[in-house]
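Q: Could you have a look at this structure, given as structure tokens, before my questions?
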Amino acid sequence: YKEAIDNCLDTANANSLAKYVTGYHCDKISDIPESEKWDLVVSNPPHCLDLTEFEASLKTMGNTNQQNIDNSARLCVDQDFKIHEEFFKNIGKHLTHDADIYLIECQYMESEIHMASLYGLKFMGKYEMKDKTMPQGVILHFKP
């Protein structure tokens, strides 16, 4: 999501950290040059798994503009965990040996941990989010 990447880079710049931070706006991790290596990855992937349910919930909230629904779905729906799988499958080639990955999710799911393990990542723990905007959120911690 380009706006999120821009905000991250602006924040890094404002805090004199720009030389330590990279950001990419692309559809897949596999689109990032393999020369990129990171010791910290923070990811907030789409959380909803079913497009039909997501669209229905937006319409229930009064959002009937199809363009808004389509844009929101792109950011919020990971049909069949395809985005998660692409991330777990390809992130390893960008990690240093001591890297940390923090994945922000709306709920704890064993399937994400299992999928990450299939691609060589170790689950280190989960942290409950204490935020009013996402009361059920968790942060999952992985290492290579």
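Q: Name the strands (runs of 3 or more DSSP E) wholly inside the stretch 82-144 in which the number of residues that are of a type in the set (S, T, N, Q), open to solvent by less than 50 Å² (accessible area, probe 1.4 Å) and touching a Lys or Arg at 6+ places or on another chain (Cβ under 8 Å) is 1 or more.
A: Result: 95-105.
Q: Quick one: in the stretch 13-50, of everything that is of a type outside the set (S, T, N, Q) and part of a helix (DSSP H, G or I), which residue is nearest to HIS141 (Cα to Cα)?
A: This residue is ILE29.
Q: For LEU40, only one of the following conditions fails: (1) without any contact (Cβ under 8 Å) to a residue 12 or more places away in the chain; (2) among the aliphatic types (A, V, I, L, M); (3) open to solvent by 60 Å² or more (accessible area, probe 1.4 Å). What is its number?
A: So the condition that LEU40 fails would be (1).
Q: Here's another thing I want to ask about it. Residues of the stretch 18-45 being within 12 Å of ILE83 (Cβ to Cβ) and in contact with a Leu (Cβ under 6 Å, 6 or more places away or on another chain), which ones?
A: Hit for the stretch 18-45 is SER43, nothing else.
Q: Continuing with this model, one more query. Yes or no: ASP10 open to solvent by 50 Å² or more (accessible area, probe 1.4 Å), at pLDDT 75 or above and in a strand (DSSP E or B)?
A: no
The values are calculated or read from the model by the stated rules, or taken from the named source; none is laboratory data. Because the structure is predicted, anything quoted here is derived from the model rather than measured. With ideal geometry, Cβ positions are generated from the backbone for all residues, glycine too; neighbour counts draw on all protein chains shown. To get the accessible areas, we keep the full protein, side chains included, count just its heavy atoms, and leave off ligands, DNA and RNA. Shrake-Rupley method; radii C 1.70, N 1.55, O 1.52, S 1.80 Å.
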